[in-house]
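Down below is the structure, laid out as structure tokens.
The values are calculated or read from the model by the stated rules, or taken from the named source; none is laboratory data. Nothing here was measured: the structure is a model prediction, and the numbers come from that model. With ideal geometry, Cβ positions are generated from the backbone for all residues, glycine too; neighbour counts draw on all protein chains shown.
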């Protein structure tokens, strides 16, 4: 038994060789882990009722590993992550009573969009680049659809199943159609951490191909950016850098603790102690051209920065939606957030 749950208290029972616990409630990258109590062999934490949290263990050498008995979760970034449900974590709770399982109904073939694959040799960032382009059901090449450029494309397509969620909301008649461009990074830490070359990459290599080959809008009001964590950071950053190109952003758990040159002890960009430079930029130069959908888990270290960003947008009267979920920095929480983000941006 990997955990014991009493009301809202979770007692994590350490497996052999585990010396510390980390997860959504710490920081997946920097490992400010919680030591195992040597007397009991456990770590006890309290979480909100009806929440979902993911965790892993560290051995004495600092190497992370999965709990051998805990339930697996969908986490393409951290293979050692395992999940704990405290109470009943509600998934896709965006529908009226009687429709809560609408996202699980089988769709007919004509209700499913089409995915096109594209690869090319990168110039801004060297190496082969890859993208999936989703076109909605009943796609009309003579129309012009809103388009969203999605960072961490493979994770959003395979794990988040974003295109499938869009198909299902379309079938329910709750949103209007859109084109999704799922873009895969070669080095997300390099490309997404406030990299001034990333907006150039999109503008010079991605947009020309998409706009020449697909029926998408070519105005800022019709273009959006989408991402999670560092992908959310670079999406907001790019929209601030290119206001004439993008006016829509969806960000899940945006890594808004970020400043140029901040590097952690692990050699990665710091997401714990850096300044919130995007917040300062938004504060001093309000992005009146933007409409944003932000969300974050209440169990993660990035909750504070996301709350501060949302509060600043509120004070400046920038159109936005900010939601919180009883989850952490993981794909279960982000997939749960997709419907309301789509409804905010594309709802009818």
Worksheet item: Taking the stated definitions as given, is residue 49 modelled with pLDDT of 95 or more and either part of a strand (DSSP E or B) or surrounded by fewer than 16 Cβ atoms within 10 Å (Cβ to Cβ) (or both)?
Response: no
Item to complete: Name the single residue, out of those in segment 1-10 being more than 28 Å from the chain's Cα centre (by Cα) and without any contact (Cβ under 8 Å) to a residue 60 or more places away in the chain, that is surrounded by the most Cβ atoms within 10 Å (Cβ to Cβ).
Response: 4
Practice prompt. Assess whether residue 193 counts as being in contact with a strand residue (DSSP E or B) (Cβ under 7 Å, 6 or more places away or on another chain) and free of Cβ contacts under 8 Å to residues at least 60 places away in the same chain.
Written response: no
Practice prompt. Identify, by number, the condition in (1) closer than 19 Å to residue 147 by Cβ; (2) surrounded by fewer than 21 Cβ atoms within 10 Å (Cβ to Cβ) that residue 186 doesn't meet.
Written response: (1)
